[in-house]
Amino acid sequence: MKITLFGTQPYDRESFDRIRDAYGFDVTYHRSHLNAGNVALAEGADVVCIFVNDTADAATVARLSQLGVRLIALRCAGFNNVDLLSAAQHGIPVVRVPAYSPHAVAEHAVALMLSLNRKIHRAYWRTRDGNFSLHGLLGFDLYGKTAGIVGTGRIARELIRILRGFGMEVIAYDLCPDEAYAAAAGIAYVPLDELYARADIVSLHCPLTDRTRYMIGPEAIGRMKPGVMLINTGRGQLIHTGALIDGLKQKKIGAAGLDVYEEEAAYFYEDTSDRIMSDDVLARLLSFNNVIVTSHQGFFTREALDNIARTTMENIREFAAGEPLTNRVSAGA
């Protein structure tokens, strides 16, 4: 079984190299992100393995089929970068890694909250310059505040456990509320408008679908509590970035922690420090001292990387053995 991994970094290779011999697969690594322009690199592969910034649109999937690729294996939970309908039409199953470390992403969300609230990023640079003034560093107690969690999957539930440990009140919204879980966790499901109106911190943990794309836009921001902190460790297009910038300028949004960005593919996971940033929107976001942008690193722990590699190899092993695909995703999922 020949596997071609796209969008790989040295840490990806290390994780896969540690276990590849146990599976006996022939693995090839490429740093470039899969797209219609470089799909020829997949020639000879049975399986193409991709990550969040690779693009498997209809044209790319059609070409993969022509090249003889029989499986698309995602090294991530999200699958919005794959044209699932086209994959189905060409008979190419798609598998993913639904949960690699909910602890990692939840803990990163908390790190963003604490850093923004207590201005850790600003204090760090000040003290390095010998400035030990406290002016502008005032935060608030998380204890007794209200967190609004949108989506209550594995990551969100781990985050809720942590926030409840801080003594926060947690309210949540989910299309399919789990009342038994809510009772056990000590939280309450509320309508989305109520969550926006009550929450001191709003954290997004829902998948990107046609329904959720740009769910945080001018109207949603207008319904939020003044000074709200907005955290997104989910998908960049959950937030309309232009509306976010307007909310920050109008001081409706008090702080924003973003581990994802809607146009991140051109920048995230790459060192672009020697180039002029051409994305005016991202540059504007980075100019706010109450915004922290991290480069989609919420998943980035040793444990998560090993889990990703192991689950991906298991997905491919199931396919090679003709077994049911445990983590298959299909059009309409």
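Taken together, Leu41, Leu67 contain a single residue that is out of contact with any Lys or Arg (no Cβ under 9 Å at 6 or more places or on another chain), open to solvent by 10 Å² or more (accessible area, probe 1.4 Å), among the hydrophobic types (A, V, I, L, M, F, W, C) and within 17 Å of Thr8 (Cβ to Cβ), which is Leu41. Whenever a residue of segment 276-288 is free of Cβ contacts under 8 Å to residues at least 12 places away in the same chain, its partners that are open to solvent by 30 Å² or more (accessible area, probe 1.4 Å) and small (Gly, Ala, Ser), lying with C-beta atoms within less than 7 angstrom and at least six residues away or across chains, give the pairs Met277/Ala283. Taking segment 207-321 as the region of interest, the helices (runs of 4 or more DSSP H) fully inside it that hold 3 or more residues being within 22 Å of Leu192 (Cα to Cα) are 218-223, 241-249.
Residues in segment 82-108 that are in contact with a Phe, Trp or Tyr (Cβ under 8 Å, 6 or more places away or on another chain), farther than 30 Å from Gly165 by Cα and not hydrophobic (A, V, I, L, M, F, W, C): Pro93, Arg96.
Quick check: is even one residue across segment 115-129 more than 21 Å from Leu208 (Cα to Cα) and in contact with a Ser or Thr (Cβ under 8 Å, 6 or more places away or on another chain)? Yes: segment 115-129 contains one or more residues that are more than 21 Å from Leu208 (Cα to Cα) and in contact with a Ser or Thr (Cβ under 8 Å, 6 or more places away or on another chain).
Looking only at residues in segment 300-327 that are of a type in the set (Gly, Ala, Ser) and surrounded by fewer than 18 Cβ atoms within 10 Å (Cβ to Cβ), which one is nearest to Cys76 (Cα to Cα)? Per the stated criteria, the residue is Ala320. Please determine, by comparing only the residues of segment 261-284 that are more than 19 Å from Tyr11 (Cβ to Cβ) and touching a helix residue (DSSP H, G or I) at 6+ places or on another chain (Cβ under 6 Å), which one is surrounded by the fewest Cβ atoms within 10 Å (Cβ to Cβ). Here the answer is Met277.
Among Asn80, Asn53, which is under 21 Å from Thr233 (Cβ atoms) and surrounded by fewer than 19 Cβ atoms within 10 Å (Cβ to Cβ)? Quick ask: steps written out before the conclusion?
Details: Asn53 fails: surrounded by fewer than 19 Cβ atoms within 10 Å (Cβ to Cβ).
Result of the check over Asn80, Asn53: Asn80.
Taking every residue in segment 204-228 that is under 18 Å from Asn80 (Cβ atoms) and open to solvent by less than 40 Å² (accessible area, probe 1.4 Å) and pairing it with any residue that is assigned to a strand (DSSP E or B) and modelled with pLDDT of 95 or more, at least 6 positions away or on another chain, the pairs with Cβ-Cβ distances below 6 Å are Leu204/Val150; Leu204/Asn232; Cys206/Val150; Ile216/Ile239.
The values are calculated or read from the model by the stated rules, or taken from the named source; none is laboratory data. Bear in mind the structure is a predicted one, so any value in this text is a computation, not a measurement. Cβ: placed from backbone, ideal geometry, glycine included. Neighbour counts: every protein chain shown. Side chains included, ligands, DNA and RNA excluded: accessible areas come from the protein's heavy atoms. Shrake-Rupley method; radii C 1.70, N 1.55, O 1.52, S 1.80 Å.
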